[in-house]
Amino acid sequence: MDNVSSSLGFSASSDPKTAVMNQVRQEAAMTNARQLIEKVNEHCFEKCVPKPGSSLSSGETTCFTSCMEKYMAAWNTVSRQYINRIQQESSKGAGAGGIF
Amino acid sequence: MDSPTTSLDQNIDLSKLSPKDKQELQQFIVNESQKSRIQQSVHSLTDICWKKCVTGTIKSGKLEKGEESCTQNCVDRFLDANFTVIKHLETMRRQG
């Protein structure tokens, strides 16, 4: 009933609360993905292309695929370990959780 | 068009938010910020620990046994170090 009254022709969602939430989630996911891609590129280029040739060889491409999966595995391991640690520290009290 | 308003303001009519909605949103933002801070730390820790623990050539898409435990230790020791620094700073502050 009130989405007609929206002066903008392209109101994103009938419910502004949901719209804001979706947008925030989307932007957070984008930032996260962008950072991951940046790091994967940086580290895997280092690992897989020690001497850049005139094109990316098939061996280098394969290495990139593995390296990418491996970096994500490392990310997940770190995430698990870090979250465990935060939970441990915060159950100890002293509010140490927010330090790093 | 070239105003500094974000895409949020352009698409969403915030004036329609009820006080309850506003409160819910505020809580949502607090949670999301925390999540994003944690993710940020995970990114930076992965960066640090990858450099320390993945030193050989890439053989497969999985972490090898030694690399996995190294990564876990790396996270814990980094945080230990972090706490040590903070504790020592605290001592220095008290000593003036």
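Any read-out appearing in this document is the output of simple, stated calculations on the displayed coordinates, not a laboratory observation. Note that this is a predicted model, so its numbers are computed, not measured. Here the Cβ is made from the backbone with ideal geometry for all residues, glycine too, and neighbour counts use every protein chain on show.
General observations
- Peptide-level mean, for A:50-60, of C-beta atoms on other protein chains within 10 Å: 0
- Close Lys pairs in region A:18-92 (alpha-carbon distance under 20 Å; sequence gap of 8 or more, or different chains): 4.
- Average other protein chain Cβ within 10 Å of Cβ, residues A:17-24: 6
- For region B:32-45, 3J(HN,Hα) per residue [Karplus equation, 6.51 cos²θ - 1.76 cosθ + 1.60, θ = phi - 60°, Hz, x = Gly/Pro]: 5, 5, 5, 4, 5, 5, 5, 4, 4, 5, 5, 4, 6, 5
- Protection proxy ranking, peptides B:61-67, A:48-54, average beta carbon neighbours within 10 Å, highest first: B:61-67, A:48-54
- Looking at chain B, the pairs of alpha carbons with a distance over 20 Å make up 66% of the total.
- Taking θ as phi - 60° and the Karplus parameters 6.51, -1.76 and 1.60, the scalar couplings of region A:16-22 work out to x, 5, 4, 4, 4, 4, 4 Hz in sequence order, x denoting glycine and proline.
- Stretchable slack from B:LYS59 to B:VAL30, in nm (0.36 nm times residue separation minus alpha-carbon distance): 6.3 nm
- Estimated inter-spin distance, B:ARG93 and B:LYS52, nm [label 7 Å along Cα→Cβ]: 2.5
- Projecting the Cα atoms of A:GLN88, A:ALA28, A:ASN41 onto the dipole axis of region A:18-92, where Lys and Arg carry +1 and Asp and Glu carry -1 at the beta carbon, places A:GLN88 farthest toward the positive end.
- Nearby aspartates and glutamates by direct alpha-carbon distance to B:LYS35 (threshold 16 angstrom, same-chain neighbours under 8 apart not counted): A:GLU27
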